[in-house]
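Chemist: There's a structure below that I have some questions on.
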Amino acid sequence: MRILVTNDDGFQARGLRSLVWALRPFGDLTIVSPKRAQSGMSMAVSMGFRPIAVKHIETLPGEDWWYLDGTPASCVKYGIDNIFFPEKPDLVVSGINHGNNAATATLYSGTIGATMEGTLNGIPSVGVSLDTFADDADFSAVEQLFPGILRKLLANFSTRKGTFYNVNFPNLPASEIKGIRPARMGYAHWEKEYVPYESDFLASHGLGQSFAARAYADSKLPDEDLYVMAGDFVSEPDNLPDADHLLMAKGYITITPQNIYNTDLQELERLCDII
């Protein structure tokens, strides 16, 4: 099996290394990852005739490593168009994201945007995330349990056009995870999303100051203020019990089947009756 691997945290991210480790038994891996963190890019692509830097990093047995100075979806496009062409990979896997992509976080996620790009090109695609932003995040539960999940998905992958899978792990040791549950995308939103960018705030969330963040801080003009987007996650009251973020909070791994063709079929039927 030929697998195209990417993420949105950049080619040096620990989560990407853990995902590659977990995928090695499945086949040959081609890793095309962003040069720098690209969280929150959803399915955005690098365009407008802007030159995009690409580097072939190294070739290892069963692995080929690249980075691209663009969005996660652009990384998938490059892999398909410039590395695999005229063939296609058999599978696209994106992750392991540093932070969960449950509920409506899916709409913003660069990890899931890359997964959707693979799906758009007719390739079975899976996104994987871990529910923590901590610098010392422990990805061992994903390394241990995701291969079994992937085997089940590959043996039973949906034939419905546009379907992909969004897998979210709670931030727990493997021994404390309660199980695996199919789930629906939950309803949620964020409030008070912009807070001052200060070291005390970062420390309270178990975060250090990344190289990219330091670069932004160092380039700040004297009359500018710095903020970070880290608002309060608010679950909506009308969620059903199988909402992904609710199940994950209870200690379950969630598998949310989603589809890039998101027409509201009930509303379409209603419109046909009135128009």
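Chemist: Would you check if there is a residue in the range 46-56 being surrounded by 18 or more Cβ atoms within 10 Å (Cβ to Cβ), in a loop (DSSP other than H, G, I, E, B) and over 14 Å from the mean Cα position of the chain (by Cα)?
Modeler: So in the range 46-56, the residues surrounded by 18 or more Cβ atoms within 10 Å (Cβ to Cβ) come out as 46.
After this cut, where a residue has to be in a loop (DSSP other than H, G, I, E, B) as well, the list is 46.
In the following step, the residues that additionally are over 14 Å from the mean Cα position of the chain (by Cα) were identified as 46.
Yes, the range 46-56 contains at least one residue that is surrounded by 18 or more Cβ atoms within 10 Å (Cβ to Cβ), in a loop (DSSP other than H, G, I, E, B) and over 14 Å from the mean Cα position of the chain (by Cα).
Yes or no, residue by residue, for (1) closer than 12 Å to T254 by Cβ; (2) touching a residue at least 24 places away in the same chain (Cβ under 8 Å); (3) of a type in the set (D, E, K, R):
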| site | (1), (2), (3) |
| --- | --- |
| E117 | no, yes, yes |
| L120 | no, yes, no |
| Q144 | no, yes, no |
| A155 | no, no, no |
| M185 | yes, yes, no |
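Chemist: Looking at I253, I275, which is the one that is surrounded by 12 or more Cβ atoms within 10 Å (Cβ to Cβ) and at pLDDT 90 or above?
Modeler: Details: I275 fails: surrounded by 12 or more Cβ atoms within 10 Å (Cβ to Cβ).
Answer to the selection: I253.
Chemist: Among the residues of the range 106-149 satisfying the criterion of being aliphatic (A, V, I, L, M) and at pLDDT below 95, which is surrounded by the fewest Cβ atoms within 10 Å (Cβ to Cβ)?
Modeler: Keep residues of the range 106-149 that are aliphatic (A, V, I, L, M), which gives 107, 112, 114, 116, 120, 123, 126, 128, 130, 134, 137, 141-142, 145, 149.
Filter again for at pLDDT below 95, leaving 134, 137.
Working: A134: 14, A137: 19.
If we take residues in the range 106-149 being aliphatic (A, V, I, L, M) and at pLDDT below 95, then A134 is surrounded by the fewest Cβ atoms within 10 Å (Cβ to Cβ).
Chemist: Just checking, which of E58, E63, E87 is acidic (D, E) and farther than 19 Å from G10 by Cα?
Modeler: Values: E58 fails: farther than 19 Å from G10 by Cα; E63 fails: farther than 19 Å from G10 by Cα.
Checking each option against the conditions leaves just E87.
Chemist: Please specify each residue of the range 235-275 satisfying the condition of being small (G, A, S) and in a helix (DSSP H, G or I).
Modeler: Kept after step one, since they are small (G, A, S), are these residues of the range 235-275: 235, 243, 249, 251.
A249, the sole residue that qualifies.
The values are calculated or read from the model by the stated rules, or taken from the named source; none is laboratory data. Owing to the predicted nature of the structure, the values given are computational and were not obtained by experimental measurement. So basically every Cβ, Gly included, is an ideal-geometry build from the backbone, and we count neighbours across all protein chains shown.
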